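What follows is a single structure, written as structure tokens, with notes after it.
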Amino acid sequence: MKFTLIVSLLSALTLPAFAIPADVTWDGTYSNPDASLNIVSCSDGKNGLLAKGYTTFSSLPSFPNIGGMPGTIWNSTLCGSCWSLKYTTPSGNQTTVYVTAVDNAFTYNISPQAFDELTEGTGFEIGKVRARALRVPDARCGM
């Protein structure tokens, strides 16, 4: 009985994470390399990007692949986290971009450059696409 319980618990803890469906939009704010991190929710606090030595958008290793992610509020542990966004283009190609969370948003709201890379330039007219989002190790974004 104890063995079965232990195996069940270990299995639950080692299940792979699954990507979730997500709306992805773009915002030109995240394309300015000289923009101060003071303008985003992940600026201050012990989990803030300023505390980690970053000052501008371009000082982040993944720039221009940055943006707002749901739940990334001030001093959140999501600040600086890395997200894989996977999209299937209208032509059937699957593309993936890795984006660093710097701000809070209702959707996965990323820079125009990252959005263009994700959609292969096919999503700008509608401004929003449906993708799969998955938190990945922060090192994937250079953090």
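Things worth noting here:
- C-alpha long axis of helix 2-13 to longest principal axis of the chain, angle in °: 10 degrees
- Checking every one of the trypsin sites (Lys or Arg not before Pro) in region 26-93 against DSSP loop status and a limit of 10 other Cβ atoms within 10 Å picks out Lys46.
- Shown here are the Rg and Dmax of the Cα trace of region 21-141, at 13.4, 44 Å.
- Calculated P(r) tail over 17 Å for region 83-124, as whole % of Cα pairs: 27 percent
- Beta bridges per DSSP with both ends in the chain, % antiparallel, nearest 5: 75 percent
- Cys with no candidate disulfide partner in the chain (beta-carbon separation under 4.7 Å rule): none
Here, each number is a calculation from the coordinates, and none is a lab measurement. Keep in mind that this is a model prediction, so the values were computed, not measured. Positions of Cβ are generated from backbone atoms using ideal geometry, with glycine treated the same way; all protein chains shown enter the neighbour counts.
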